1. I'd like the full set of residues that are within 15 Å of D173 (Cα to Cα) and modelled with pLDDT under 95, limited to segment 138-154.
2. Scan (1) closer than 16 Å to N111 by Cβ; (2) small (G, A, S); (3) assigned to a strand (DSSP E or B) for the single condition A244 breaks and write down its number.
3. Touching a residue at least 12 places away in the same chain (Cβ under 8 Å), surrounded by 15 or more Cβ atoms within 10 Å (Cβ to Cβ) and closer than 24 Å to K211 by Cα: does that describe R93?
4. Are there any pairs with C-beta distances below 6 angstrom linking a residue in segment 196-213 that is under 17 Å from V104 (Cα atoms) to a residue that is among the hydroxyl-bearing types (S, T, Y) and part of a loop (DSSP other than H, G, I, E, B), with the two at least 6 apart or on different chains, and if so which?
Amino acid sequence: MSKAGLVMTCSTLLALLGPGLPAMAQDAVRLYADHYPPFNIQTETTVEGTNGLLLQTAFDELGISTEHLIIPWTRAERSARTQPNTCFYSAARSTRREPHYQWVGPLSAENVTLFSLAERPVQLNSLEEAQQWRVGGQLGDTYVQWVVDQGVAVETLGGEGNSFDKLLHDRIDLWVVGSIAGPYIAQLSGTRLLPAYQSEKRFELWMACHKAFPSETIDQLNALIARYQEDGTRDRIMARYGLAP
């Protein structure tokens, strides 16, 4: 669910930067994401979504300029690992990713879910039964890797590939996606999904930053995200997208 080529720059005048801010705040932080509604949403002119707006609110409060770029997911993850002053979101915080980044969040959470189309329902009594069906998901996705680790083969698509389109065109039977994002994406196209299986475990979504990203800024961002969860800022942003807290 990725689209490339969109850039949104949020500029902050250097003269307005407080003396206590880290030196890197004078350079725009690159924030990579893929198109994953309702958390990261590409519009014609900007990048929005619940997590995108939550992060931008925090960066604005710190007076740090940002540059949002929508690119394929595997490229976003690789860029944040190799390019200083760079982060990517919304990333499930997994043991595989943990040591390679610094983390800001959690921004949101959802369950891993295997969805079928309502018009072609699939009923599973266990995840193991999914082995009998054609299962698809996004390359590099932690949810997909979790399903694979449980012994279920998943057909993956990278780059501009879209597993939801494969589900619509009867090229797969089950789509591995988050419990919130899946129905939201389907609703945008007037499609109804049915959950065939949902994990008991909830996966938190975070922003992952390059290891050299200033730890002081990471601490400041985490403090703001925690405050937004307490003062209702996060709930108000979620409500803009029709989501309950």
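The values are calculated or read from the model by the stated rules, or taken from the named source; none is laboratory data. Treat the numbers as computed from the prediction; the structure is a model and nothing was measured. Note: ideal-geometry Cβ built from the backbone for every residue, glycine included; neighbour counts use all protein chains shown.
1. Scanning segment 138-154 gives a single hit, Q138.
2. (3)
3. Working: touching a residue at least 12 places away in the same chain (Cβ under 8 Å): yes; surrounded by 15 or more Cβ atoms within 10 Å (Cβ to Cβ): yes; closer than 24 Å to K211 by Cα: yes.
Against the criterion (touching a residue at least 12 places away in the same chain (Cβ under 8 Å), surrounded by 15 or more Cβ atoms within 10 Å (Cβ to Cβ) and closer than 24 Å to K211 by Cα), R93 qualifies.
4. Listed by first residue and then by second, the contacts come to A208/Y101; C209/Y101.
The rows are residues; the columns are (1) in the same structural domain as P214 (by TED's automatic domain parsing); (2) of a type in the set (S, T, Y).
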{"position": "T82", "(1), (2)": "yes, yes"}
{"position": "C87", "(1), (2)": "yes, no"}
{"position": "H100", "(1), (2)": "no, no"}
{"position": "L114", "(1), (2)": "no, no"}
{"position": "E119", "(1), (2)": "no, no"}
